[in-house]
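S.K.: My questions all concern the structure below.
Each reported figure results from applying straightforward, stated rules to the coordinates on display, with no laboratory input. Keep in mind that what you see is a predicted model, and the values were worked out from it rather than measured. Glycine also receives a Cβ, built like all others from the backbone with ideal geometry; neighbour counts cover every protein chain displayed.
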Amino acid sequence: MTNYVEFIKWCFNGVKLSDPITRMFGYVFLTVVGALIFGPSDLWPIALSGAVAIDLTCGLISWKYEDFKREQKENL
């Protein structure tokens, strides 16, 4: 049993939520699990699309803010 626990720890050791690919797989996983638990609905694809759109929007804003800070530092 100890080997299984160590294997699971090893598998999830490199998982970081800062990685966009990990977050996208997480959104898909949560959508599929939610659909399995609560039943199929037209709302699951909408929820997945909304989560991806919010994530991409936050990433874009963060990227533009870092670009703004870099530009401000260069102008000083």
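S.K.: Could you give the length gained by full extension between residue 75 and residue 2, i.e. 0.36 nm per residue of separation minus their alpha carbon distance, to one decimal place? Can you show the working numbers first?
M.R.: Numbers: separation 73, 0.36 × 73 = 26.28 nm, distance 5.66 nm.
Once the chain is fully extended between residue 75 and residue 2, it gains 20.6 nm.
S.K.: Using the Cβ atoms and a cut-off under 12 Å, what net charge is assigned to the surroundings of residue 17, where Lys and Arg are +1 and Asp and Glu are -1?
M.R.: On the way: positive: 16, 23; negative: 19, 55.
Summing Lys and Arg as +1 and Asp and Glu as -1 gives 0.
S.K.: Multiplying the sequence separation of residue 25 and residue 49 by 0.36 nm and subtracting their Cα-Cα distance, what value in nm do you get?
M.R.: Numbers: separation 24, 0.36 × 24 = 8.64 nm, distance 1.28 nm.
Value of the extension gain: 7.4 nm.
S.K.: Ok, one more. To the nearest 20 debye, what charge dipole does the chain have about its Cα centre, counting +1 at the Cβ of each Lys and Arg and -1 at the Cβ of each Asp and Glu? Could the numbers behind the result be given before it?
M.R.: Details: 7 positive and 8 negative charges, 32 e Å.
Computed charge dipole of the chain: roughly 160 debye.
S.K.: In µm²/s, what is D for region 17-75 at 25 °C and 0.890 mPa s, where D = kT/(6 pi eta Rh) by Stokes-Einstein and Rh is the Kirkwood radius from Cα pairs? List each step's numbers first, then the result.
M.R.: On the way: Rh = 13.2 Å.
Estimated diffusion coefficient is 185 µm²/s.
S.K.: As a test of the formula, what do you get for the chain when each DSSP H run with n ≥ 4 contributes -39,500 (n - 2.57) and the sum is divided by the residue count, at 222 nm and rounded to the nearest 500 deg cm²/dmol?
M.R.: On the way: 3 runs with 63 residues, N = 76.
Counting only the DSSP helices, I get -28500 deg cm²/dmol.
S.K.: Starting from the 7 Å offset along Cα-to-Cβ, what nm value, one decimal, do you get for the label separation of residue 36 and residue 58?
M.R.: So the label points at residue 36 and residue 58 sit 2.5 nm apart.
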